[in-house]
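For reference, the structure is listed below as structure tokens.
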Amino acid sequence: YGLMSYDPAFTNTASTKSAITYLDGDEGILRYRGYPIEQLAEKSTHLETAYLILNGELPTASQLSNWETEIKKHWFIHENIKHLIDAFRHDAHPMGMFISAVGASSSFHPESAQIFDPAIRNEQIVRLISEVPTIAAFSYRHIRGLPVVYPDDELSYAGNFLSMMFRRSELRYKPNPVLERALDVLFILHADHEQNCSTNTMRAIGSAHADPYVALAGAAAALYGPLHGGANEAVVRMLTKIGSTKNIPAFIESVKKGEGKLMGFGHRVYKNFDPRGKIVKQLAYEVFEVTGRNPLLDVALELERIALEDEYFISRKLYPNVDFYSGLIYQAMGLPTPFFPVLFAIPRTVGWLAQWVELLNDPEQKIARPRQLYVGEPERDYAPISER
Ligand code: CMC
């Protein structure tokens, strides 16, 4: 195999250069375009952060206002995409609906195949960021058997999403400002995370010069997995199954025996606290002030305390990640558990698109095509079926 190196799951191989997100796993540092995640979570909005991630600089007041107007222009989706969503069973997983609707959008915008035309490319970027909350909310209303609520131009990105999800009457929905802000902060925290599994998928599909809709559908499919964006859903299922703090020691023992994982713990890169996890935990307390305390919080807090003192988790450097507390917030807001990965996909759309643009503009990038070490049979002769 000559000089070929063997690196399963690319744990030690940089597949690209990138100027978008900086992550130091040992120190627990995360920055978008140089700005610490803590500052963005405190001071920015998701749309401002999206502009930053996509363009490299924070917008001026007029740039931000134009950007917000552009987003609002596109947040109605084609009625036939709504019909597509309506065709799903009432118990369909919303991630399946999300992936299908985003992929199907490719055929509604055939010009999107012209990925090297900057104007066409930018239009798809705006369209995707605008449309994903609408697709998500329409899926939720379909599952609940409720009529859809169309976007409300008077509301913010997060506020409009809450309106499309929860509005019950003809009256304008007034989002609770604490919940609206909490959702926006969660969106900021999830907007990008360098070369994670789904972003790597976006880049792999993008490297074949596929259009952004199908590439993004593929990225969302990777995100769906319980080891990635499906972890927030898995955490709540796990906490519900544990049920009470008295069952935690037995659960921890089962994890240590390899019978299952402590979901929401561990990370490929963070070998220290996930900085997003710290912010989410704080946010959970603010949300519970409004919604009432999620009873699973006590199970989560005790589980975290015991795990952080246990040699198994200490020696493997396993700490809570962003998903450990985010599901508790979503649940307190009244969102059904299968919906949680979609709430990850909405903001990550920004990161996927920024990384896709970076890939297309990078003259060093080629079609993603890793090599392998062949360990199968040597050459042998075909035997007729009667002789096998
Ligand atoms: N619970 C119990 N043991 C674990 C866990 C866990 N959550 N995570 C890792 N380990 C153990 C693993 O079994 C291995 O032990 P040993 O050395 O004895 O074989 C050791 O820790 C190293 O783990 P690894 O599997 O080599 O780590 P990885 O980098 O391949 O996997 C991970 C990273 C996130 C997939 C993994 O930690 C995991 O499955 N965590 C639970 C799922 C989860 O919370 N995912 C969300 C990640 S953050 C949001 C996102 O980016 O999507």
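The values are calculated or read from the model by the stated rules, or taken from the named source; none is laboratory data. Quick caveat: nothing in here was measured; it's all calculated off a predicted structure. A quick note on method: Cβ atoms are made from the backbone with ideal geometry, for glycine too, and the neighbour counts reach across all protein chains shown. To get the accessible areas, we keep the full protein, side chains included, count just its heavy atoms, and leave off ligands, DNA and RNA. Shrake-Rupley method; radii C 1.70, N 1.55, O 1.52, S 1.80 Å.
Quick notes on this structure:
- Under Karplus coefficients 6.51, -1.76 and 1.60, residue-wise ³J(HN,Hα) of the range 103-117 in Hz, glycine/proline x: x, 5, 4, 3, 6, 8, 9, x, 5, 5, 5, 7, 6, 9, 8
- Extending 7 Å from the Cα toward the beta-carbon at both Ala14 and Gln365 defines two label points whose distance is 1.6 nm.
- Dipole magnitude (debye, nearest 20) for the chain, charges at Cβ of Lys, Arg, Asp, Glu: 660
- Set of lysines with alpha-carbon distance to Lys281 below 27 Å, sequence-local pairs under 8 removed: Lys43, Lys174, Lys241, Lys246, Lys256, Lys261, Lys271, Lys317
- With the helix formula -39500 (n - 2.57) applied to DSSP H stretches of n ≥ 4, the chain reaches a computed 222 nm mean residue ellipticity of -17500 deg cm²/dmol.
- Label reach from Val269 (point 7 Å along Cα→C-beta): in the range 182-213, amide nitrogens under 11 Å belong to 192-197, 199-200.
- Charge dipole magnitude, Cβ of K and R +1, D and E -1 - the range 167-310, Cα centre, debye nearest 20: 180
- Taking the 1.4 Å solvent-accessible surface of the chain as the whole, the part contributed by carbon and sulfur is 53%.
- Placing unit charges on the Cβ atoms of the charged side chains and taking the dipole of the chain about its Cα centre, the candidate lying farthest along the positive direction among Leu360, Leu335, Ala158 is Leu335.
- With all protein chains kept in place, the per residue accessible area of the chain amounts to 48 square angstrom at a probe of 1.4 angstrom.
- Longest DSSP-loop-exposure-free segment, GluC sites (Glu not before Pro), the chain, at most 15 other Cβ within 10 Å: 58-153
- Mean Cβ neighbour count within 10 Å, used as a protection proxy, ranking 331-344, 211-224 highest first: 211-224, 331-344
- The relative contact order of the range 224-344, computed from alpha carbon pairs under 8 Å that lie at least 6 residues apart in sequence, is 42 percent.
- Relative contact order computed over the chain (Cα-Cα under 8 Å; 6+ residues apart), in percent: 23
- Paramagnetic reach from Glu311 in the range 250-267 [backbone N under 15 Å; point 7 Å along Cα→Cβ]: 253, 256-257
- Between Ile29 and Asp24, the built amide H atoms are under 5 Å apart, and every one of these is 5 or more places off in sequence or on another chain.
- Each of Ala92 and Leu171 was given a label point 7 Å from its Cα along the Cα-to-Cβ line. The distance between the two points is 3.3 nm.
- With contacts taken as Cα pairs under 8 Å and at least 6 residues apart, the range 47-199 reaches a relative contact order of 21 percent.
- R0 of 51 Å, Cβ-Cβ distance Phe116-Lys241: FRET efficiency to nearest 0.05: 0.55
- Rounded to the nearest 20 debye, the dipole magnitude of the range 244-295 is 220 debye, with +1 charges on Lys and Arg beta carbons, -1 on Asp and Glu beta carbons, and the Cα centre as origin.
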